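Here's the structure we're looking at; comments come further down.
The values are calculated or read from the model by the stated rules, or taken from the named source; none is laboratory data. Note that the coordinates shown come from a computational prediction; the quantities given were computed from them, not determined experimentally. All Cβ positions, even for glycine, are placed from backbone atoms using ideal geometry, and neighbour counts span all protein chains on display. We work out accessible area using only protein heavy atoms, side chains counted, and drop any ligands, DNA or RNA first. Shrake-Rupley method; radii C 1.70, N 1.55, O 1.52, S 1.80 Å.
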Amino acid sequence: MLQLQGIELALPNGNGGNNNGLSPVLRGIDLTLEEGKFYAITGPNGGGKTSLARLIMGIYRPTAGHIFWRGEEITGLSITERAQRGIGYAFQQPPRFKGLRVRDLLELAAREQPSDPNGSLLRRLCHSLRSVGLCPEDYLEREVDASLSGGEAKRLEVATLLLRKVQLVIYDEPESGVDLWSFDQLLRVILERHRRGGMTTAVITHHEQVLLQADEIILIAEGEVKARGPRAEMWPLITDRARCRWRRSCEEENDEAGCTR
Amino acid sequence: MKLDALDKRLLETIADLHGVPAGAFNIRRNGQAVERRSTANIEIRSKEDKPGIDVLIRPGTRNESVHIPVILAASGMTDVVYNTFEIGEDSDVLIVAGCGIHNPGEAEARHDGIHEFFVRRGARVRYVEKHYGEGPGPGARILNPQTIVHVEEGAEMILETVQIRGVDDTQRVTSARVASRGRLFMTERLLTHGTQRAISDVTVELIGEEASAEVISRSVAQDESEQLFRPRLIATAPARGHVACDSIIMDRARISSVPEISARHPEAELTHEAAIGKIAGDQLIKLMTLGLTEKEAIETILRGFLR
Ligand SMILES: Nc1ncnc2c1ncn2[C@@H]1O[C@H](COP(=O)(O)OP(=O)(O)OP(=O)(O)O)[C@@H](O)[C@H]1O
Ligand SMILES: [Mg+2]
């Protein structure tokens, strides 16, 4: 079980004058993710979904609050320590590396998980690539640099997570950049992995198809958890545009930047 | 003279050699040739007027290799060697050089290798040179290689140099002239640390029609080490060339990259790029999310970058 208690997060806003240059990004987050459930996290752009995931992974440190994972407080633990405790995160924008090959990255991801005796490491790497629709013969030796397309990089990111030994995994918009024809397969792989691994899965998404698979949906906006609950309960709220009051409008009347002056 | 365990380890590091190589070879240790083999197509002979060897590769020789490693395992020694390579027309060969220094003492150990290559018409050669230094004492490990290359019409030279750790002072001078339809690919990989200093001066002249050259350096400077790159590309003909210097800077190191391109023909096309920066934070974070420690993540990124 993952528990967030009273989480506040402020990040540098590049505007030194305001609040010591920090902007509140997450506010008063109390949230529990239960073992074995499949969660969808959704909400408007800039609402704080990625920040929440990065906070769970240890990439950001909260300005207040506590995080517990399986009974242990992990608030002060590093990214590495959290990874070693079975927490995984697939980046919204996977970084690129000069010189690192796809196989190098996959090997790093696979190293915690002992190979089963009749399957070689290479077999596992190839299998993970194939399951996200990348042919090993085309990709294994390629560099994870800027030459990969956006969709290719996103799929590789999922393949990397498939190889890891994780009990909590957060995918950040796995659908983004992935073509229409491949997305079904990618979602199927994520679901299969979830069921087989018996892990806790959270998918940050704007995609109806993913939301429809979730046990529970968590709605995040303006840095807060606005609503959460079983899919059936949440569905009317999510699909009713009029009720999404937190979608900030940018009408000319509230022109704070002075564009029309 | 027999090779001992230390020699064998150095040979492995600089030339990936496990035992005696296949094909032609010449092993030089502390200023003397200790073992040599010529083959039907590749003749190695000592120079008569100065220290060093002539390597003569018969025209049309294909898929053969020459290993010419140098080991320096003594303090207070300066080894100067002149090697000349005659790569016959239409041949296609691999030459692996390299220098491993193990300096056991206080005084400096120094190797200055002056290598000249004549890559004859239509020939193709890949030349790999690895440098490595070690030693328990304060004695400096110094390497000053000088490489002179003549790429004749339609010939091709691939020149790869690698120096990862251990060499205290290097001043590398490379000059090449590339004739028409000739091609030169040069890659330089370098990692310095401690108070090491490395300077690399490269001058490539493209003197014939459709000659081309690519000069690429990838380097990492750690601790208080210093690096200076001065690649110059000059075209006096309708030729093409590109220079790229890409460096990662760490700690209190200093790096200067000064690429220069100079055209003396209206149809010449020359480009350059140079970048110096630290390891990207998101790369580190990504690897740490896979369970690597920060130190392991840094090593992984550097190893990839210098591969
Ligand atoms: N590193 C950062 N430094 C400063 N501000 C940040 C940083 N990362 C995010 N923010 C800000 O925090 C807020 C939340 O961003 P976040 O990326 O968490 O949103 P999101 O819900 O994932 O949005 P999207 O749906 O567009 O991915 C935004 O206003 C964003 O500009
Ligand atoms: Mg996001």
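Sum up the charges of everything whose Cβ sits under 13 Å from the Cβ of B:Asn26, counting Lys and Arg as +1 and Asp and Glu as -1, but leave B:Asn26 out.
+3
I'd like the Karplus ³J(HN,Hα) series for the stretch B:286-294: coefficients 6.51, -1.76, 1.60, θ = phi - 60°, whole numbers in Hz, and an x wherever there's a Gly or Pro.
Once rounded to whole Hz, the list reads 4, 5, 5, 5, 8, x, 7, 6, 4.
Highest mean first, how do A:122-132, A:3-13, B:101-111 rank when packing is the count of other Cβ atoms within 10 Å averaged over residues? The partial results should precede the final answer.
Details: A:122-132: 18.7, A:3-13: 16.9, B:101-111: 20.5.
Result, highest mean first: B:101-111, A:122-132, A:3-13.
List the trypsin sites (Lys or Arg not before Pro) within the stretch A:140-184 that DSSP assigns to loop and that have no more than 16 neighbouring Cβ atoms inside 10 Å.
Counting only loop positions with at most 16 other Cβ atoms within 10 Å, the trypsin sites (Lys or Arg not before Pro) in the stretch A:140-184 are A:Arg142.
Expressed in nm to one decimal, what extension gain is obtained for the pair B:Asn63 and B:Thr203 from 0.36 nm per residue of sequence separation less their Cα-Cα distance?
47.5 nm
Roughly how many nanometres apart are two label points built 7 Å out from the Cα toward the Cβ at B:Arg307 and A:Ser149?
About 2.3 nm separates the two model spin labels.
Just the number please: accessible area per residue for the stretch B:5-278, 1.4 Å probe, all protein chains included, in Å².
42
Hey, with R₀ at 30 Å, roughly what FRET efficiency would B:Glu273 and A:Ser78 work out to, going by the Cβ-Cβ distance, to 0.05?
Efficiency, from the Cβ-Cβ distance: 0.25.
Return the distance in nm (one decimal) between the two label points of a simple spin-label model at B:Glu48 and B:Val80, each offset 7 Å from Cα along Cα→Cβ.
Taking the two extended label points, one gets 2.2 nm.
Determine, from the Cβ-Cβ distance of A:Arg61 and A:Ala257 and an R0 of 22 Å, the FRET efficiency 1/(1 + (r/R0)^6), rounded to the nearest 0.05.
0.10
Mind listing which trypsin sites (Lys or Arg not before Pro) in the stretch B:1-104 are in a DSSP loop and have 10 or fewer other Cβ atoms within 10 Å?
B:Lys2
Starting from one equal scatterer on each C-alpha and no solvent at all, send me the Debye-based log10 I(q)/I(0) for the stretch B:138-180 at q = 0.14, 0.30 Å⁻¹, two decimals.
Listed by q, the Debye log ratios stand at -0.46, -1.10.
Rounded to two decimals, what ratio of Rg to Rh does the protein assembly as shown give with C-alpha atoms and a Kirkwood Rh?
Here the Rg-to-Rh quotient is 1.07.
From the helices alone, meaning DSSP H stretches of at least four residues, give me the mean residue ellipticity at 222 nm for chain A, per-run term -39500 (n - 2.57), in deg cm²/dmol to the nearest 500. Don't skip to the end; give the middle numbers.
On the way: 9 runs with 84 residues, N = 261.
That calculation yields -9000 deg cm²/dmol at 222 nm.
Taking only protein heavy atoms and a 1.4 Å probe, what accessible area per residue, in Å², does the stretch A:140-208 have with all protein chains in place? Please report the intermediate quantities before stating the final value.
Details: 2700 Å² over 69 residues.
That works out to 39 Å² for each residue.
Starting from the coordinates of the alpha-carbon atoms of the stretch B:226-307, obtain the Kirkwood hydrodynamic radius over all distinct pairs and give the value in Å to one decimal.
For the stretch B:226-307, the Kirkwood estimate is 15.0 Å.
For B:Arg264 and B:Arg126, what does the FRET efficiency come to when R0 = 35 Å and r is the distance between their Cβ atoms, rounded to the nearest 0.05? Provide the component values of the computation, followed by the final result.
Details: r = 30 Å, r/R0 = 0.85.
After rounding, the FRET efficiency stands at 0.75.
Given H placed 1.01 Å from N in the peptide plane, which residues other than close sequence neighbours of B:Gln227 have an amide H under 5 Å from its amide H?
Counting only residues 5 or more places away or on other chains, the set is B:Ala198, B:Arg254, B:Ile255, B:Ser256.
7 Å from Cα along Cα→Cβ at both B:Glu35 and A:Asp138: what's the point-to-point distance in nm?
According to this spin-label approximation, the distance is 4.7 nm.
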